[in-house]
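S.K.: Input: one structure, supplied below.
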Amino acid sequence: MNRFNRKRQPSLGRIAAVTAQNFDADEFIRATRPLEQRGFSVAVVSNTNGMLTGRTEAGQDVNFVPASTVGEMEFDGFCALVLPGNSHSIGDSTQAALKKFLGDGKPIIALSRDVPLLAEAASAPDIADAGVAISMNGKMFAARGDAASDEAVEVFAQALAA
């Protein structure tokens, strides 16, 4: 079948995934794959318009061209925000996006090094050392440990799809 003739499944919603140059590709995939598998469209958002390169633990390069910069993103076009572990290097614009999503009550998931960003924006210092943190329905949830973090990513995707 010609790939242009295939019917595309309607997207359940658009999710912004904020990342920066030299991102951890394994963390990015870990955070976004369950969302895509459930029918969400994931748009890469960054601090630059140029090509972003990440690397897997196996040494493979993964490249993305961001849909927009964090400062220029249209917040109303996204139903959730994903911080897959490298957004902390972007700085103030990531904090502004977090505050906007929190203020709008939209779900957020932050992994590894981005958890302190979410903890600060949500005034929840007790979760800053977690491996993953979720803001959903006005509540904060945190998980520690690799197995718990993987499960939290799955639960986040399931909850959004419900």
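The values are calculated or read from the model by the stated rules, or taken from the named source; none is laboratory data. Because the structure is predicted, anything quoted here is derived from the model rather than measured. All Cβ positions, even for glycine, are placed from backbone atoms using ideal geometry, and neighbour counts span all protein chains on display.
S.K.: Of everything in the stretch 53-78, what is within 17 Å of Arg30 (Cβ to Cβ), of a type in the set (A, V, I, L, M) and outside any loop (DSSP other than H, G, I, E, B)? Give them in sequence order.
M.R.: Within the stretch 53-78, Val62 is the sole residue that qualifies.
S.K.: For Gly105, all conditions in the list (1) over 14 Å from the mean Cα position of the chain (by Cα); (2) assigned to a helix (DSSP H, G or I); (3) not hydrophobic (A, V, I, L, M, F, W, C) hold save one; what is the number of the exception?
M.R.: For Gly105, the failing item is (2).
S.K.: Are any residues in the stretch 10-29 part of a helix (DSSP H, G or I) and more than 11 Å from Val82 (Cβ to Cβ), and if so, which ones? Show your work before the answer.
M.R.: First, the residues of the stretch 10-29 that are part of a helix (DSSP H, G or I): 25-29.
Listed by number, the residues that qualify are Ala25, Asp26, Ile29.
S.K.: Between a residue in the stretch 138-162 that is under 18 Å from Ile127 (Cβ atoms) and any residue that is of a type in the set (Lys, Arg), which pairs come within a Cβ distance under 9 Å, given they are 6 or more apart or on different chains?
M.R.: Within 9 Å, the pairs are Ser149/Arg30; Asp150/Arg30; Val153/Arg30; Val153/Arg33.
S.K.: Please find, within the stretch 74-118, the residue that is modelled with the lowest pLDDT out of those that are among the hydroxyl-bearing types (Ser, Thr, Tyr) and crowded, with 16+ Cβ neighbours inside 10 Å.
M.R.: Residues of the stretch 74-118 that are among the hydroxyl-bearing types (Ser, Thr, Tyr), as a first pass: 87, 89, 93-94, 112.
If we keep only those that are crowded, with 16+ Cβ neighbours inside 10 Å too, we end up with 87, 93-94, 112.
Values: Ser87: 78, Ser93: 84, Thr94: 87, Ser112: 90.
Per the stated criteria, the residue is Ser87.
S.K.: So which residues in the stretch 91-143 are of a type in the set (Asp, Glu) and within 24 Å of Gln21 (Cβ to Cβ), if there are any at all? Let's see the steps before the verdict.
M.R.: So in the stretch 91-143, the residues of a type in the set (Asp, Glu) come out as 92, 104, 114, 120, 126, 129.
Asp92, Asp114, Glu120 - these are the residues of the stretch 91-143 that are of a type in the set (Asp, Glu) and within 24 Å of Gln21 (Cβ to Cβ).
S.K.: Test Ala133 against the stated conditions and say whether it is buried (at least 22 other Cβ atoms within 10 Å of the Cβ), of a type in the set (Gly, Ala, Ser), more than 20 Å from Ile90 (Cα to Cα) and in contact with a helix residue (DSSP H, G or I) (Cβ under 6 Å, 6 or more places away or on another chain). Outline the logic, then answer.
M.R.: Details: buried (at least 22 other Cβ atoms within 10 Å of the Cβ): yes; of a type in the set (Gly, Ala, Ser): yes; more than 20 Å from Ile90 (Cα to Cα): no; in contact with a helix residue (DSSP H, G or I) (Cβ under 6 Å, 6 or more places away or on another chain): yes.
Considered against the rule, which asks whether it is buried (at least 22 other Cβ atoms within 10 Å of the Cβ), of a type in the set (Gly, Ala, Ser), more than 20 Å from Ile90 (Cα to Cα) and in contact with a helix residue (DSSP H, G or I) (Cβ under 6 Å, 6 or more places away or on another chain), Ala133 comes out as no.
S.K.: Sticking with this one: Name the residue, out of Thr19, Thr56, Thr69, Thr32, that is more than 12 Å from the chain's Cα centre (by Cα), surrounded by 13 or more Cβ atoms within 10 Å (Cβ to Cβ), touching a residue at least 24 places away in the same chain (Cβ under 8 Å) and within 26 Å of Glu151 (Cα to Cα). Walk me through how you get there before you give the answer.
M.R.: Numbers: Thr19 fails: more than 12 Å from the chain's Cα centre (by Cα); Thr69 fails: within 26 Å of Glu151 (Cα to Cα); Thr32 fails: more than 12 Å from the chain's Cα centre (by Cα).
Matching residue, one of Thr19, Thr56, Thr69, Thr32: Thr56.
S.K.: Scanning for something among the aromatic types (Phe, Trp, Tyr) and outside any strand (DSSP E or B), does the stretch 139-156 turn up at least one residue? Show your work before the answer.
M.R.: Applying the first criterion (among the aromatic types (Phe, Trp, Tyr)) to the stretch 139-156 yields 141, 156.
Then drop every residue that is not outside any strand (DSSP E or B), which leaves 156.
For the stretch 139-156, residues among the aromatic types (Phe, Trp, Tyr) and outside any strand (DSSP E or B): present.
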